[in-house]
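J.: My structure is below; once you've seen it, I'll send some questions.
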Amino acid sequence: MLDAIDPLAEFVTLLRPAARYSKAVSGAGPWRVRRTDPGQSFYSAVLEGACRVLLDDGSEVVLQAGDFVLAPSMQGFAMASLEASDAPDITDDNPPPQLANGEFRLGRLDAEPQARFLVGHCMFDSPDSALLVSLLPQLVIVRGQERLATLVRLVSEESRAQRPAREVVLARLLEVLLIEALRSGSESSAGASPGLLRGLADARLALAIRRMHERPSEPWSVAQLAREAALSRSAFFERFRREVGVAPMEYLLAWRMALAKGLLLQGAGGVAEIAQQVGYSSASTFSVAFGRHVGMPPSRYVQEQRQARPA
């Protein structure tokens with residue numbers, strides 16, 4: 001008997017998260033940072049002290065040492081000191097100064113830091129990263145997770161040490177931290193924005209999502225998926241859209257296209273064969289759906305992706 005498919009593992013495998021850039025930041029006195037580049041994915045690990053995450057709906061979350069925040073599309077939030085700030089927001093166009101020790105300072109330059117962070121941008125190496133990121137919550141906040149706090153401590157120690165291969169080790173630790181954050185987010189997603197992680201945290205919806213990942217070639221309907229989740233059709237549809245953020249068939253289409261892109265780039269078969277693997281009865285129907293979704297036919301997509309890759 002085959003092991004059950006783990007949707008989150010499949011998702012992370014396709015997404016291929018990598019921590020490409022990080023910097024040490026300290027805060028003293030009042031400060032507030034608003035991320036303004038929606039094309040970047042942002043993360044922050046709280047190493048010492050505390051800060052606030054301010055959401056666009058007016059709510060806020062206090063983060064303590066060991067906590068972690070991931071914003072896959074960097075929208076809808078700011079980070080701030082516990083003390084309210086009247087100063088202009090620090091933004092990408094108005095960056096903080098760098099101290100002699102290499103840290104970037106938020107707030108007062110002439111005071112002892114009250115909080116320290118490691119912040120950075122993560123990259124998703126999938127050619128379909130925009131589609132996959134759209135299935136993640138806008139913000140993943142993980143608190144009170146011992147495993148994640150341990151990783152944050154290791155990152156903190158490595159970032160301060162001047163050991164050989166420091167940057168390589170730090171990059172690997174950060175990649176594990178990102179994956180652990182996604183996994184922890186699926187287990188503690190109460191209050192999170194809609195997305196795949198919140199869907200996987202719902203036991204009924206997780207059954208349907210797992211079936212879609214196990215058998216993407218199945219001619220699924222909303223009624224069939226509702227039966228897998230042991231819900232009525234209407235209850236399943238509304239619950240799925242509320243928790244995941246898209247309708248069930250939209251999610252299925254997005255997942256099929258993500259799989260198809262990976263198979264095409266791997267050269268895992270001809271168009272007709274890949275069409276069958278992702279739930280289309282013929283190469284022509286698959287090509288039409290792929291063209292609508294991606295904006296070009298499968299053959300052209302493969303050609304352009306291969307030309308774009310470095311030699």
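The values are calculated or read from the model by the stated rules, or taken from the named source; none is laboratory data. Bear in mind the structure is a predicted one, so any value in this text is a computation, not a measurement. Quick reminder, even Gly has a Cβ in these numbers, built from the backbone with ideal geometry, and neighbours come from all protein chains shown. Just so you know, the surface numbers come from the protein's heavy atoms only, side chains and all, with ligands and any DNA or RNA stripped out. Shrake-Rupley method; radii C 1.70, N 1.55, O 1.52, S 1.80 Å.
J.: Of 291, 279, which residue is at pLDDT 90 or above, open to solvent by less than 30 Å² (accessible area, probe 1.4 Å) and at positive phi? If you could, list the steps in order and put the result at the bottom.
T.: On the way: 291 fails: at positive phi.
Selected residue: 279, the only one of 291, 279 that is at pLDDT 90 or above, open to solvent by less than 30 Å² (accessible area, probe 1.4 Å) and at positive phi.
J.: Name the residue, out of 265, 259, 253, that is in a helix (DSSP H, G or I), open to solvent by 30 Å² or more (accessible area, probe 1.4 Å), at pLDDT below 90 and out of contact with any strand residue (DSSP E or B) (no Cβ under 9 Å at 6 or more places or on another chain). Even if it seems obvious, please write down each step before you answer.
T.: Numbers: 265 fails: open to solvent by 30 Å² or more (accessible area, probe 1.4 Å); 253 fails: at pLDDT below 90.
When all the criteria are applied, what remains is 259.
J.: Where in segment 181-240 are there helices (runs of 4 or more DSSP H), lying fully within it, with 1 or more residues that are at pLDDT below 90?
T.: 196-201, 203-214
J.: So, one more: Do we have residue 296 as open to solvent by 20 Å² or more (accessible area, probe 1.4 Å) and closer than 23 Å to residue 223 by Cβ here?
T.: Details: open to solvent by 20 Å² or more (accessible area, probe 1.4 Å): yes; closer than 23 Å to residue 223 by Cβ: no.
No; evaluated as a whole, the condition is false for this residue.
J.: Among residues belonging to segment 1-36 that are open to solvent by less than 20 Å² (accessible area, probe 1.4 Å), closer than 27 Å to residue 198 by Cβ and assigned to a strand (DSSP E or B), point out the one that is modelled with the lowest pLDDT.
T.: 19
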